[in-house]
Structure formats: structure tokens, C-alpha cells
Amino acid sequence: MKINGKCVRLGDHINTDLIISGKYKYRTQDIKELAKYVFEDLDPKLKERLYGGSIIVAQKNFGCGSSREQAPRVLKAAGVNAVIAESFARIFFRNAINVGLPVIISEKKFIEMIKDNEPLTIDLSSGKVYALETGLEANIKPYPEFMLKIVEAGGIAEYFRNHKMFPWETKL
Amino acid sequence: MSTLVEKILAKSSGKNSVSAGEFVLADVDVVFAHDGTALLAIESMQEIGIEKVFDKDKVVFFIDHASPSPSPQISNIHSAMRKFAKKHGIRLYDAGSGICHQVLPEEGYVKPGSVVVGADSHTVTHGAFNAFATGVGSTDAAIAMITGKLWFMVPESVKIVVEGEFKDMIMSKDLVLHVLGEVKADGLTYKSVEYHGSCIDGLSVDSRMTIANMAVEMGAKCCPMELNSVTEEWLKERVGDFKPVKADKDAKYTDELYVDASKLEPLVAAPSNVDNVKSVREVEGTEVDQVFIGSCTNGRLEDIEIASRILDGKNVKTRCIVIPASRKVYYEALNKGLIDKLVRAGCIVGFPTCGPCIGAHMGLLGDGEVAISTSNRNFIGRMGSSSSKIYLSSPATAAASALEGKIVDPRKYGENL
Ligand code: SF4
């Protein structure tokens, strides 16, 4: 499975309140509507850069904070095809996998050298990520098999609807 | 040679032993969601295509985040939750019952050695009762509600040993802020954190819950604690028989941290990151527009008790909102005359709810306003305007600050108590 998108660089500790503020979560349940407020407290202009297929490249602890699953759903709805970071907060990581937003752990050195706006390609099968302008490539942390199945299906609900069982029901 | 989390996850996944890094499929003993997450969990069930719960007695809903409802949209969320709960025969704690993390253990849902899954990041709080308790998103909650099982990676464990006793006006919040300042906001990502030592053994149930509550602020997956005698007594009244779990003496920890509780001073997490920890001395005199004493971190009886002791017979200088974490805490505070003292001092005492902690209702901050809050997060915009600022502190520091309208060291109010 290959994922393409333009790099949008972000820093450390991008928390779920910054991704989608708790105030909006109660205003509407519609994810597309919520996506209008993505990153509003961080930089209201950021959302325009996400549309049409982007890959967020962040540093440490991406997605820390609350358990709100709206966060990865909103990113997906806003046009984010994947998030690459040095590390993720664990609830966000699980939520992203569940909703079919690929979250990818890669090396700090690589992340620091990628240019803002440059096109990236992630190859989940070979476990590589390529930065097409700087010509860099790096390894990504491989998923356990059941997680890869979820991501490839586009989320756990899709997987279940296709297979009538959860991926771990055969073997974890 | 197992840690607490390894023991609990081994038992719940039907194995003799498991070790860090392994994936397990664990039986879930209780799963819950609240008005910020339940609707999405119901929708996830619908997306998956199965709308049934595995055991109606093990699924619980709470209306606590924006309750009673401040808007028609939120009322609709609450109605949908009530409808679902009724249809499936599950227990729903409606507006006014209190915050999920306070009500769940009070109502006897949390047993030592059990697996507690909540669609809320502060589910780690229930580690105070010797459980494996962790927060998940709505889809994971949906899967747990449908199947009664969830996969987990067995986390590595870190040990924090706290010896000695707190000095006057020092609270478990100061301890946990100190640890947070040391390990930082992502210092324990994916880890299980175990607190040990004579200080922890001597703590009240309320104080233990505060410590476990903030484990997620360090990125931790869970914070299972060994029981002490007060917690055992507390549980006996609520859950009947149980078997406490202890870590093996030769259990493997990836890191250890020692803290001398007697050396702690009042601390705050300054804006706008939880690990921006400073001593109260460094920020003393900072003017505050609002004080909030409440939340699942510090809305319990001992928190309200210390606030009312500090405020007794005096007057607050700034608006001060006090919110008991549950109806039970509320009437205990009422019976003890604490609410009376708070109201006389000029506090706004609310009904049990998350309140301003999440910025959904009751006391949102305006542009540029500054608050000192006993809750657990000070992120940008958390309590209202994105230009407002939040300092996190203990209830003692918050109450003392309410008296002067600026951040002050609570120890100056210690002697007269
Ligand atoms: S009190 Fe605050 S942190 Fe606790 S559950 Fe409610 S919103 Fe979350």
C-alpha cells in the first residue's frame, strides 16, 4: 500500500485540543463540519494546506491529550492522508489505526531534514518513506500484521464489514 | 518476576504470564463512555454493523461533561445516550451524578486486578484501585462493548518510589506535578507507571486517585497501584470480595525514580503545557481572573475540605468556582458544613459535573484571562478563549490564590488551621 501527500511540518506535542478544540466537539457531531475548525487554535490557515492530500510530519508525542476520536477522524476528513512523527501518544495512535488514518513512526534525523511542502511517498509494504525533492529515504516502524490489515482495509469498521470478524479473531 | 500490569494482563488474557512487548487479547471487566465520546461509540457500533452489548452490567454511560445540557445540540446527544441505554438495559448516570472517574469506583464497578476501559483519557485514574485501567477512543470502546475484549500491547513498566511525608499544605497534586516536571509530557509514553514507597502507602483514596489521574499527562498507558489499607477498607464496602495483585520483588522496570515527599514545595504547571512545572515561588503574584477547584483530578472531599479550611471566615477576591466531583462528594461536603463555608466565602459552588475543565460550560475564560485550576490540562484554549491562560495547581494553592486574586503560596495560610 502506497500513500502520497505534500508534507505539512509541525512540531512537538501537538495535542488533541489543538487538532480539534473540545468546544467544537460539542457543537456538532458532523465530522466534515468539524473539519472546518481543524488546528484553529494553532494556525487557522493551516487547514487550507491540508486539503487535497497532505502528510503531516510532526516531531514528538503527536496527538497527546484527550481520547477524542474526533481528532484522527477530523484530520482524515480535512485531507490528511497520513501522519509521520517521531512518536505518538498512545490513544491517538490506536484511534488513528481504528479509523484508517495511517500513523507512522520514523527517525528523528529524517523528520528534521524533510522540507515543508515537499511531496512524500510512504510505502507500507516495503516499510519505507521517500521525500521526493530532497531525495531522502528512511525506514518506518513496521506494524504488527493485524494492524496492517486494519490500515489496509481503511479502518476497523471496514475490515469487520468485509470479513465478518476482527483481524485478531484468527490469531493475534 | 512480573510487574502489576503484566500480572493483570496475563490473568485477563488467560495466560500464566506475559511480558512487555507482547500483544494480548484481554477480557474487559467494565467499559464506559460519556457525553463527549458515547455517541461516537454508538456510531462506531453502527459502522461495524453490530448494535448489541456483550454484557449489559459491564457497560456504563455517564452524562458528565456538559451536564445539565447547556445547548439544544448537546441535549440531543444526551437524549441519544438515554435512548441507547434504555434499549440495551445498560446503566446510565445522568446529569448531576458526577464525573465518570469518581462515580465508577464509588458505585463499585472497579475491582482490584480487573481491566477497566473507558472512552476517556483519564481512565488511568482507576489504577488507584489496583486495576489495569486505560483510556481508549470511541471505536475501541465500541469493540469492547460488542465483544467484551480488546487487544493490548503489554507495556514496559517504570517504578516511582516516594518516601517520607508531605509537609503542611503539600498535597498529592504537588507530588504528581513534580514527577511530571521530571519525566515530561511524553516521558512515560506507552508505559505502565507504578508508584511505591512509604508515602504512597500512607495516602488517602482521594490522594491516590489524583496521582493515578495524571499518569496520562506523562503519556502513560496505565498507573496500577498496589492497595494500601485505607483503599482496601474503602473497596470492601463497595465491591465485596477481591484478590489484590502485587508486583513481584524481582519484577523488571525500565526506569526508577526516587522522590522525597518531605522536600516537596507547592508547584504549578504554568501555561500552556502540563510539564511546564514551576514552584509557586517563581510565579507568585501572577494575577488570576478565575479559580477553579474541581475535576476528576481534584474535586474530591479532601480537596473541598482543604479549600474550605483555607477560605473559612474569609472572602475570595476573585471569582472562585468549586465543583464536587460527584453527588456523593457533594452531600458529604454538605453534611460536614464545608459547602456552607465556601458559599459564605463567596465561592460559586456548582453541581457535580466536569464544568469549566473542558471549556464546555460553566465558567469559560475570555480573551487574555488567567485561571488557576486544580484540573489536569492547561492546553491552549482548553477552558475557553485561545488567548486565555491556565495554571494547574493543588486545591490548597488554588484556594489561597482565590483569597488574594493572585497566585500565592498556601503555606502562609497553614499555621492558623
Ligand atoms: S473533569 Fe476534566 S479531565 Fe476529568 S473527565 Fe471531566 S473533562 Fe475530563
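The values are calculated or read from the model by the stated rules, or taken from the named source; none is laboratory data. Note that the coordinates shown come from a computational prediction; the quantities given were computed from them, not determined experimentally. When we count neighbours, we look across all protein chains shown, and the Cβ atoms used for this are built from the backbone with ideal geometry, even at glycine. Keep in mind that these areas ignore ligands, DNA and RNA; they rest on the heavy atoms of the full protein, side chains included. Shrake-Rupley method; radii C 1.70, N 1.55, O 1.52, S 1.80 Å.
Tell me, which residue of the stretch A:36-56 that is outside any loop (DSSP other than H, G, I, E, B) and farther than 29 Å from residue B:124 by Cβ is most open to solvent (accessible area, probe 1.4 Å)?
Start the filter on the stretch A:36-56 by keeping residues that are outside any loop (DSSP other than H, G, I, E, B), which leaves A:36-37, A:46-50, A:54-56.
With the extra rule that they be farther than 29 Å from residue B:124 by Cβ, the set shrinks to A:36, A:46-50, A:54-55.
Working: A:36: 101, A:46: 13, A:47: 51, A:48: 125, A:49: 85, A:50: 0, A:54: 0, A:55: 0 Å².
Top of the filtered list is A:48.
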Out of (1) surrounded by fewer than 24 Cβ atoms within 10 Å (Cβ to Cβ); (2) more than 15 Å from the ligand (Cβ to nearest atom), the odd one out for residue B:396 is which?
-> (1)
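For the stretch B:34-44, does any single residue satisfy the condition of being open to solvent by 50 Å² or more (accessible area, probe 1.4 Å) and closer than 17 Å to residue B:87 by Cα?
Our first condition is that a residue be open to solvent by 50 Å² or more (accessible area, probe 1.4 Å); within the stretch B:34-44, this holds for B:43.
Within this subset, residues satisfying the condition of being closer than 17 Å to residue B:87 by Cα are B:43.
Yes: one or more hits.
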Answer with yes or no whether residue B:84 is of a type in the set (Phe, Trp, Tyr), part of a helix (DSSP H, G or I) and out of contact with any Lys or Arg (no Cβ under 6 Å at 6 or more places or on another chain).
-> yes
Yes or no: residue B:402 outside any loop (DSSP other than H, G, I, E, B), more than 13 Å from chain A (Cβ to nearest Cβ), away from the ligand (no atom under 16 Å from the Cβ) and in contact with a helix residue (DSSP H, G or I) (Cβ under 6 Å, 6 or more places away or on another chain)?
-> no
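Out of the stretch B:187-217, which residues are of a type outside the set (S, T, N, Q) and touching a strand residue (DSSP E or B) at 6+ places or on another chain (Cβ under 7 Å)?
Quick first cut of the stretch B:187-217, residues of a type outside the set (S, T, N, Q) only: B:187-188, B:190-191, B:193-197, B:199-203, B:205-206, B:208-209, B:211-212, B:214-217.
Within the stretch B:187-217, B:188, B:191, B:193, B:194, B:195, B:196, B:197, B:199, B:200, B:211, B:215, B:216 qualify.
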Specify the residue that is nearest to the chain's Cα centre (by Cα); the eligible residues are those in the stretch B:374-386 that are at the interface with chain A (Cβ under 8 Å from one of its Cβ atoms) and near the ligand (Cβ under 10 Å from one of its atoms).
-> B:377
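What's the total number of residues in the stretch B:149-166 that are away from chain A (no Cβ under 14 Å) and either assigned to a strand (DSSP E or B) or under 30 Å from residue A:73 (Cβ atoms) (or both)? Quick ask: steps written out before the conclusion?
First, the residues of the stretch B:149-166 that are away from chain A (no Cβ under 14 Å): B:157-166.
Checking which are either assigned to a strand (DSSP E or B) or under 30 Å from residue A:73 (Cβ atoms) (or both) leaves us with B:157-163.
Going through the stretch B:149-166 one residue at a time, the tally reaches 7.
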Identify, please: which residue in the stretch A:76-107 is away from every other protein chain (no Cβ under 12 Å) and in contact with a Gly (Cβ under 9 Å, 6 or more places away or on another chain) and is, among those, most open to solvent (accessible area, probe 1.4 Å)?
-> A:76
In the stretch A:1-24, anything assigned to a helix (DSSP H, G or I) and open to solvent by 10 Å² or more (accessible area, probe 1.4 Å) is listed as A:18, A:23, A:24
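Can you list the strands (runs of 3 or more DSSP E) found entirely within the stretch B:11-81 that contain at least 2 residues being facing chain A (nearest Cβ under 9 Å)? Even if it seems obvious, please write down each step before you answer.
Details: elements: B:23-27, B:30-34, B:59-62.
It comes to B:23-27.
Taking residue B:110 as the residue in question, decide whether it is surrounded by 18 or more Cβ atoms within 10 Å (Cβ to Cβ), within 16 Å of the ligand (Cβ to nearest atom), away from chain A (no Cβ under 14 Å) and at pLDDT 95 or above. Break it down stepwise before answering.
Details: surrounded by 18 or more Cβ atoms within 10 Å (Cβ to Cβ): yes; within 16 Å of the ligand (Cβ to nearest atom): yes; away from chain A (no Cβ under 14 Å): yes; at pLDDT 95 or above: yes.
Criteria met by residue B:110.
Between B:125, B:189, which is part of a helix (DSSP H, G or I) and either at pLDDT below 95 or of a type in the set (Ser, Thr, Tyr) (or both)? Give the derivation first.
Details: B:189 fails: part of a helix (DSSP H, G or I).
Among B:125, B:189, only B:125 is part of a helix (DSSP H, G or I) and either at pLDDT below 95 or of a type in the set (Ser, Thr, Tyr) (or both).
Just give me the residues in the stretch A:116-126 being at pLDDT 95 or above and surrounded by 12 or more Cβ atoms within 10 Å (Cβ to Cβ), in sequence order. Full working, then the answer.
Here is the first cut: in the stretch A:116-126, the residues at pLDDT 95 or above are A:116-123.
Across the stretch A:116-126, the qualifying residues are A:117, A:118, A:119, A:120, A:121, A:122, A:123.
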Listed by range, helices (runs of 4 or more DSSP H) wholly within the stretch B:271-373 having at least 3 residues that are in the same structural domain as residue B:400 (by TED's automatic domain parsing), within 13 Å of the ligand (Cβ to nearest atom) and surrounded by 24 or more Cβ atoms within 10 Å (Cβ to Cβ) are B:295-298
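Filtering the stretch B:119-132 down to residues that are within 12 Å of the chain's Cα centre (by Cα) and within 13 Å of the ligand (Cβ to nearest atom), which residue is nearest to residue B:193 (Cα to Cα)?
Going through the stretch B:119-132, the residues within 12 Å of the chain's Cα centre (by Cα) turn out to be B:120-128.
Imposing the further condition that a residue be within 13 Å of the ligand (Cβ to nearest atom) reduces the set to B:120-126.
Numbers: B:120: 18, B:121: 15, B:122: 14, B:123: 14, B:124: 10, B:125: 12, B:126: 13 Å.
Here the residue is B:124.
Can you name every residue in the stretch B:190-207 that is within 14 Å of another protein chain (Cβ to nearest Cβ) and surrounded by fewer than 21 Cβ atoms within 10 Å (Cβ to Cβ)? I'd like the intermediate steps shown before the answer.
If we filter the stretch B:190-207 for residues that are within 14 Å of another protein chain (Cβ to nearest Cβ), which is where we start, we get B:190-193.
The one that is within 14 Å of another protein chain (Cβ to nearest Cβ) and surrounded by fewer than 21 Cβ atoms within 10 Å (Cβ to Cβ): B:190.
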Hits in the stretch B:133-148 (condition: away from the ligand (no atom under 16 Å from the Cβ) and part of a helix (DSSP H, G or I)) | B:139, B:140, B:142, B:143, B:144, B:145, B:146, B:147
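Per-residue answers, yes or no, for (1) out of contact with any helix residue (DSSP H, G or I) (no Cβ under 9 Å at 6 or more places or on another chain); (2) on the phi > 0 side of the Ramachandran plot; (3) among the hydrophobic types (A, V, I, L, M, F, W, C); (4) not in a loop (DSSP other than H, G, I, E, B):
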{"position": "A:129", "(1), (2), (3), (4)": "no, no, yes, yes"}
{"position": "A:133", "(1), (2), (3), (4)": "yes, no, no, no"}
{"position": "A:137", "(1), (2), (3), (4)": "no, no, no, yes"}
{"position": "A:158", "(1), (2), (3), (4)": "no, no, no, yes"}
{"position": "A:161", "(1), (2), (3), (4)": "no, no, no, yes"}
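Going through B:323, B:358, B:348 one at a time, which residue ends up being within 29 Å of residue B:120 (Cβ to Cβ), touching a helix residue (DSSP H, G or I) at 6+ places or on another chain (Cβ under 7 Å), away from chain A (no Cβ under 14 Å) and of a type in the set (Val, Ile, Thr)? Show your work before the answer.
Working: B:358 fails: away from chain A (no Cβ under 14 Å); B:348 fails: touching a helix residue (DSSP H, G or I) at 6+ places or on another chain (Cβ under 7 Å).
So the residue among B:323, B:358, B:348 that is within 29 Å of residue B:120 (Cβ to Cβ), touching a helix residue (DSSP H, G or I) at 6+ places or on another chain (Cβ under 7 Å), away from chain A (no Cβ under 14 Å) and of a type in the set (Val, Ile, Thr) is B:323.
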Looking at (1) touching an Asp or Glu at 6+ places or on another chain (Cβ under 6 Å); (2) more than 15 Å from the ligand (Cβ to nearest atom); (3) over 14 Å from residue B:245 (Cα atoms), can you tell me which one residue B:151 breaks?
-> (1)
